[in-house]
Amino acid sequence: MSMSDLAIIVVRLPAGQVVRFQGVLDGEDGLATLRCRNPETNEQQLWTTQAQLGELRGWINSLPDALQVEIVREEV
């Protein structure tokens, strides 16, 4: 895999939801890797491949509103 195959979705969610969010993501074997981008703004990076980007977007949009996940931007 090269750097050009990578895609990052930056999301924002309440600090209290990060562990729950990561647990749900871990159940999606290989979909993305969660990395903290900025703890002050509660932004997290979801690293994935460009081939899985659409699936990751769909997964994020299917999450319950209670998690309060907001897509901030994509970095492709």
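Read the figures in this text as sums done on the coordinates, not as results from a lab. Every value quoted in this text rests on a predicted model; they were computed, and no experiment measured them. Please note: Cβ atoms are built from the backbone with ideal geometry, for glycine as well, and neighbour counts cover all protein chains shown.
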**Complete:** Per the helix-only model, the chain has a calculated mean residue ellipticity at 222 nm (DSSP H runs of ≥4, -39500 (n - 2.57) each, divided over all residues, rounded to the nearest 500) of -6500 deg cm²/dmol
**Request:** Within the range 10-48, which residues have the backbone N less than 11 Å from the label spot 7 Å out from E75 along Cα→beta-carbon, could you tell me?
**Result:** 10-11, 35-38, 44-47
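For L6 and C36, what does the FRET efficiency come to when R0 = 22 Å and r is the distance between their Cβ atoms, rounded to the nearest 0.05? Mind showing how you got there, number by number?
Details: r = 17 Å, r/R0 = 0.78.
E(calc), rounded to 0.05, equals 0.80.
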**Complete:** In terms of the alpha carbon gyration tensor, root eigenvalues a ≥ b ≥ c, rounded if a/c is under 1.5 and otherwise prolate when a/b exceeds b/c or oblate, the range 27-76 is oblate
